[in-house]
1. Which FRET efficiency value, to the nearest 0.05, do you get for T156 and A82 by plugging their Cβ-Cβ distance into 1/(1 + (r/R0)^6) with R0 = 45 Å?
2. How big is the shadow of the Cα convex hull of segment 79-159, averaged over all directions, in nm²?
3. Once you have the Kirkwood Rh of segment 36-183 from its Cα pairs, apply Stokes-Einstein at 37 °C and 0.692 mPa s and quote D in µm²/s.
4. Along the positive direction of the dipole of segment 58-183 (beta-carbon charges: Lys, Arg +1; Asp, Glu -1; about the Cα centre), which of A82, S62, F117 reaches farthest?
5. Could you grab the Rg to Rh ratio for segment 134-177? Cα atoms only, Kirkwood for Rh.
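Rule-based calculations on the coordinates, nothing more; no lab input. Bear in mind the structure is a predicted one, so any value in this text is a computation, not a measurement. Here the Cβ is made from the backbone with ideal geometry for all residues, glycine too, and neighbour counts use every protein chain on show.
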Amino acid sequence: MRAVNDLADELSEADLAVFGVEDREDMASLSVGSIGYSLDNLPDRSSFLGEAARHVAHAKRSKHPLCFALIAFDHGTDRDGAEGHMAEEAFLRDATARWRDVLRAEDLMGRWGEDEFGIVLVNCTTVSAVQLCWRLREETPEGHSFSAGLVSFEGTETIDDLVERADDCLVQAKAKGRDRTFAEGLVDLD
């Protein structure tokens, strides 16, 4: 993964705003962890939606492709209570750390629910996004699986529209047996 400050030269002013910086010199002070790639630093749903809306607005202005995915782990840990919660958090921390190496610096990941995540993939076609979901699946800790609902930005939707469509796809992925990606407009992908 390239260093964040190397990326600064390629970003527009609008792109820099996604990272919460006002000029390129401020990018040097950021680390990958500071832009949200550890479980503890991931944006919550509300913060994620705000950043995702900016990505959608940029895709609309630039006419670049964008995909949105909702990912839900299929099964939690087998333990109950505080011990189970701690084990679940440790697993999620490990999974998101592994995913950090798959996602590009410009992609956005946020915690959607307890064991669910939203991901915005900028400059990414549906086929590439499906491949990325497979790479995330390969990096997921052994013994765990996830289902994903994936949609592509068509140029006019809001982030709320994308969320609704991705949620419908996620429901279909789970209904078809879990451990799969259901991408709108493509045949069943297991």
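1. The pair T156/A82 has a calculated efficiency of 0.45.
2. Result: 6.1 nm².
3. Rounded, D is 214 µm²/s.
4. The Cα lying farthest towards the positive end belongs to S62.
5. Checking Rg against Rh, the ratio lands at 1.08.
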